[in-house]
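Just below is one structure, and these are the notes that go with it.
What follows draws every value from the coordinates through simple rules; no lab data is involved. Bear in mind that the values here come from a model prediction, so they are computed numbers and not experimental data. Backbone-built Cβ (ideal geometry, glycine too); neighbour counts: all protein chains shown.
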């Protein structure tokens, strides 16, 4: 049985030669993401914002204008409504009410009385401002700790140049993911933080595979120009990288289509993460080694291999 290959053997795509184009594209995406975050901000979910969340399903497509008019005069403060997956499902968001749990429950009762009994109330969630602040802080700490741990791991497994290149590519993935959520106004909640951590693991896995081949080729080819060696390493692992990404995307697309609205934000972040993580591993992490001062003596020693000797002969 022949092995399935999405990339033909012997492929030699000049990724490293196009590094300036990739760097410019990535820099533009990072700057745009930071600007979007600063100007538009994120659509924080109830996990980070605090308040009350009620999911309701109407018998027919919901009239958001009429629902907003019904709830706007209840004296419950800011009320937000949005479709959730389909026109018949609506998320009602209320700011945290003054008082304890009894006040929050009373607000839910008032909302249900205003909307009537012919609706299906699927879930109700309460998150206080103190809890939401702690969740946000813990989320930021989790992402930061993951990036730091990855830097230390790559540093010890390879050299500091590899660790720095991997972390730059990883920060690029995280920042552009946040920028995409800011651009599209998607809800940013704890599930999104979990997706970002998963993206970090996926991206670094791809990067380590390519870096392993770079290290092997540094030992094997003592005289090959470094840009050619890096490009060879990328192309050597390209089939594996593409196959992993495509199979992962197939599963994610099935979940995005059939998994329901509750996990759709998480899956969307994962789909973007697989795409941007694959791009950064190939087009950023490896070409960056040219500018980080990597030397052949950092990873290998010894005489040239037979392949190199043969290459020198006329």
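Taking label positions 7 Å along the Cα-Cβ direction at both residue 109 and residue 37, the computed distance is 4.3 nm, reported to one decimal. Over the stretch 51-127, Cα pairs under 8 Å with separation of 6+ residues give a relative contact order of 48 percent.
Peptides 193-204, 278-289 ranked from most to least packed, by the mean per-residue count of other Cβ atoms within 10 Å: 278-289, 193-204.
Once the Cβ-Cβ distance between residue 140 and residue 101 is put in as r, and R0 is 35 Å, what FRET efficiency do you end up with, to the nearest 0.05? Computed FRET efficiency for residue 140 and residue 101 comes out at 0.80.
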